[in-house]
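In what follows, a structure is listed as structure tokens, so that the remarks can point back to it.
The values are calculated or read from the model by the stated rules, or taken from the named source; none is laboratory data. Not measured: the values here are computed from a predicted model. A quick note on method: Cβ atoms are made from the backbone with ideal geometry, for glycine too, and the neighbour counts reach across all protein chains shown.
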Amino acid sequence: MRIRVRLFAVARQAAGTDSVEIELPEGADIGQLRRAMAAGVPGLGAIVDQLRFAVDEEFAGDGTKIPPTADIACIPPVSGG
Amino acid sequence: MRIRVRLFAVARQAAGTDSVEIELPEGADIGQLRRAMAAGVPGLGAIVDQLRFAVDEEFAGDGTKIPPTADIACIPPVSGG
Amino acid sequence: MIELTTDTIDVARVIEAVRSPKAGAVVLFLGTARESTGGRAVRSLEYEAYDAMARAELARLEAQARATWDLVDCAIVHRLGEVAVGQTSVAIAVSAAHREGAFEAGRWLIDRIKEVVPIWKKENRADGSADWVHPMIDLPGA
Amino acid sequence: MIELTTDTIDVARVIEAVRSPKAGAVVLFLGTARESTGGRAVRSLEYEAYDAMARAELARLEAQARATWDLVDCAIVHRLGEVAVGQTSVAIAVSAAHREGAFEAGRWLIDRIKEVVPIWKKENRADGSADWVHPMIDLPGA
């Protein structure tokens, strides 16, 4: 399946775009997405362990299976406030 | 010596006046003033242990000698804020 | 900044008094008159102060807070006289480089004000009764 | 009340949103843009959000704070886009019957916002450099 992943802040800046498309096997989980992002998106390899991911606007752990039509986002450490 | 003592809030209300004059021996301390107030001012006897006193706008303990010309005030438990 | 006033407290002015490009955090505390206490309906509060000493005690607390938390600025305004339900009786604003100090200083200031500053509150109740509020004192008939 | 806005935050409006005759205490926290961090002069901050998720996370935090401290009301406004030095980047106001809950809720909300709400800050410095601030990330060359 082909997943579109939103990018923000340093991830967006490193990739030079606000979203990327990642090819994953059907039924893949967030952990697989994390490894694919680190390998495929410039600049993310160095911070792969600090990235969180959101599925449909909620944080999702590495074991979460990715629904094919979900809204997926890559969340670098936040710095609001 | 004759000391004028300012009264506030419940003490002022109990005494029906915003100050009282108390006769004390020369060199008397705040403890003596406390006892004289409890005996001489209506309504203060019941709350004598909760009263604090101020000498020239600072809290003063029972052992503080009262300067004859100082500004003396009787401070019931405060409830600002 | 220390003020005692019988006018409505201008909260925006209290905040402006502590804002600064050196500050990353501002904490404001407002004490506001509640419509009931202990299950009894309140019509208004009425504050009385030993004016000169209240200002002196507030200034001492401000100095101590500034020294303890390295505040950028500090402002305390206490209202006197009658305060209608919903209105502000006290406003405390502090600014600091970081939020920890601002929160701690704001909390400490209102706690200490309630212990040492000679200001007293009377509750005027909806049923026509009125009493001075004196924590620690259990007044006969109160 | 939850808002994300690119306009100047109207602090008085945030306070009015939580005032109530049921409340004895209001606590307001403002995050304000400091003129320097880590010894480097800052020209402005710039905030970016994952808008829909930021609103959802803020709403979850508000609900949790209301339940934990029995708040009377709660309002959170976060600014996005460029914020000049001295201006407000976030305003959090809570009201409660008593001050303990108001202080604790205000402190908890800003702490949690800085942990879980997808909003990011970029520092634009006086020397022309600019970097995203990512706590925990030690970026090569940052």
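Residues are listed down the side, and each one gets a yes or a no for (1) acidic (Asp, Glu); (2) under 20 Å from C:HIS98 (Cα atoms); (3) in contact with a helix residue (DSSP H, G or I) (Cβ under 7 Å, 6 or more places away or on another chain):
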residue: D:ALA75; (1), (2), (3): no, no, yes
residue: D:ARG79; (1), (2), (3): no, yes, no
residue: D:ALA96; (1), (2), (3): no, no, yes
residue: D:ALA105; (1), (2), (3): no, yes, yes
residue: D:ILE110; (1), (2), (3): no, yes, yes
residue: D:PRO118; (1), (2), (3): no, no, yes
residue: D:LYS122; (1), (2), (3): no, yes, no
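Do we have C:ASP138 as over 12 Å from the mean Cα position of the chain (by Cα), under 25 Å from B:VAL48 (Cβ atoms), modelled with pLDDT under 95 and more than 8 Å from every other protein chain (Cβ to nearest Cβ) here? Step through it out loud before you land on a result.
On the way: over 12 Å from the mean Cα position of the chain (by Cα): yes; under 25 Å from B:VAL48 (Cβ atoms): yes; modelled with pLDDT under 95: yes; more than 8 Å from every other protein chain (Cβ to nearest Cβ): yes.
Taking the combined requirement at face value, the residue satisfies it.
If a residue has to be in contact with a Leu (Cβ under 9 Å, 6 or more places away or on another chain), farther than 13 Å from D:GLY31 by Cβ and facing chain D (nearest Cβ under 7 Å) to count, how many in the stretch C:13-27 make the cut?
The number of residues fulfilling the criteria is 1.
Identify, from the list C:ALA105, C:ALA97, C:ALA130, C:ALA93, the residue that is among the hydrophobic types (A, V, I, L, M, F, W, C) and over 27 Å from C:MET53 (Cβ atoms). Step through it out loud before you land on a result.
On the way: C:ALA105 fails: over 27 Å from C:MET53 (Cβ atoms); C:ALA130 fails: over 27 Å from C:MET53 (Cβ atoms); C:ALA93 fails: over 27 Å from C:MET53 (Cβ atoms).
Criteria check complete, one pass: C:ALA97.
Go through the residues of the stretch D:116-126 one by one and say whether even a single one is away from chain A (no Cβ under 14 Å), in contact with a strand residue (DSSP E or B) (Cβ under 8 Å, 6 or more places away or on another chain) and closer than 30 Å to C:ARG112 by Cα. Explain how you work it out, then say what you get.
Step one: of the stretch D:116-126, the residues away from chain A (no Cβ under 14 Å) are D:125-126.
Right, trim to in contact with a strand residue (DSSP E or B) (Cβ under 8 Å, 6 or more places away or on another chain) and you get D:125-126.
Filter once more, keeping what is closer than 30 Å to C:ARG112 by Cα: none.
For the stretch D:116-126, residues away from chain A (no Cβ under 14 Å), in contact with a strand residue (DSSP E or B) (Cβ under 8 Å, 6 or more places away or on another chain) and closer than 30 Å to C:ARG112 by Cα: absent.
Here is a list: A:ALA46, A:ALA15, A:ALA39. Which entry is at pLDDT below 95 and touching a Leu at 6+ places or on another chain (Cβ under 7 Å)? Talk me through it step by step, then tell me what you get.
Numbers: A:ALA46 fails: touching a Leu at 6+ places or on another chain (Cβ under 7 Å); A:ALA39 fails: touching a Leu at 6+ places or on another chain (Cβ under 7 Å).
After applying the criteria, what remains is A:ALA15.
What number of residues in the stretch B:59-81 are surrounded by 14 or more Cβ atoms within 10 Å (Cβ to Cβ) and either polar (S, T, N, Q) or more than 20 Å from B:MET1 (Cβ to Cβ) (or both)?
Within the stretch B:59-81, residues that are surrounded by 14 or more Cβ atoms within 10 Å (Cβ to Cβ) and either polar (S, T, N, Q) or more than 20 Å from B:MET1 (Cβ to Cβ) (or both) number 9.
Pull up the stretch D:1-37, narrow it to residues that are surrounded by fewer than 20 Cβ atoms within 10 Å (Cβ to Cβ) and of a type in the set (Gly, Ala, Ser), then point me to the one that is farthest from the chain's Cα centre (by Cα).
Applying the filter and picking the extreme gives D:SER20.
Just need a number here: residues in the stretch B:49-58 that are surrounded by fewer than 16 Cβ atoms within 10 Å (Cβ to Cβ), modelled with pLDDT of 95 or more and either within 11 Å of the chain's Cα centre (by Cα) or more than 16 Å from C:VAL117 (Cβ to Cβ) (or both).
The total comes to 1.
Across the stretch C:1-44, what is the number of residues that are small (Gly, Ala, Ser), outside any strand (DSSP E or B) and under 15 Å from D:ALA23 (Cα atoms)? Let's see the steps before the verdict.
Applying the first criterion (small (Gly, Ala, Ser)) to the stretch C:1-44 yields C:12, C:17, C:20, C:23-25, C:31, C:33, C:36, C:38-39, C:41, C:44.
Okay, now just the ones that are also outside any strand (DSSP E or B), so C:12, C:17, C:20, C:23-24, C:33, C:38-39.
Still in the list and also under 15 Å from D:ALA23 (Cα atoms): C:33, C:38-39.
Count: 3.
Which strands (runs of 3 or more DSSP E) sit wholly inside the stretch D:52-142 and have at least 3 residues that are surrounded by fewer than 16 Cβ atoms within 10 Å (Cβ to Cβ)?
Working: elements: D:73-79, D:81-84, D:88-96, D:119-125, D:130-133.
It comes to D:81-84.
Given the criteria at the interface with chain C (Cβ under 9 Å from one of its Cβ atoms), within 19 Å of C:ALA25 (Cα to Cα) and free of Cβ contacts under 8 Å to residues at least 60 places away in the same chain, does D:VAL85 qualify? Let's see the steps before the verdict.
Values: at the interface with chain C (Cβ under 9 Å from one of its Cβ atoms): yes; within 19 Å of C:ALA25 (Cα to Cα): yes; free of Cβ contacts under 8 Å to residues at least 60 places away in the same chain: yes.
Considered against the rule, which asks whether it is at the interface with chain C (Cβ under 9 Å from one of its Cβ atoms), within 19 Å of C:ALA25 (Cα to Cα) and free of Cβ contacts under 8 Å to residues at least 60 places away in the same chain, D:VAL85 comes out as yes.
Are there any pairs, at least 6 apart or on different chains, whose C-beta atoms fall under 6 Å, with the first in the stretch C:1-25 and of a type in the set (Asp, Glu) and the second at pLDDT 95 or above, and if so, which?
Close Cβ pairs satisfying both conditions: C:GLU3/C:VAL77.
Would you mind stating whether D:SER129 is within 22 Å of D:THR37 (Cβ to Cβ), within 11 Å of chain A (Cβ to nearest Cβ) and hydroxyl-bearing (Ser, Thr, Tyr)?
Against the criterion (within 22 Å of D:THR37 (Cβ to Cβ), within 11 Å of chain A (Cβ to nearest Cβ) and hydroxyl-bearing (Ser, Thr, Tyr)), D:SER129 does not qualify.
If you go through the stretch B:10-58, how many residues are in contact (Cβ under 8 Å) with a residue 40 or more places away in the chain and more than 23 Å from C:ARG60 (Cα to Cα)?
The total comes to 4.
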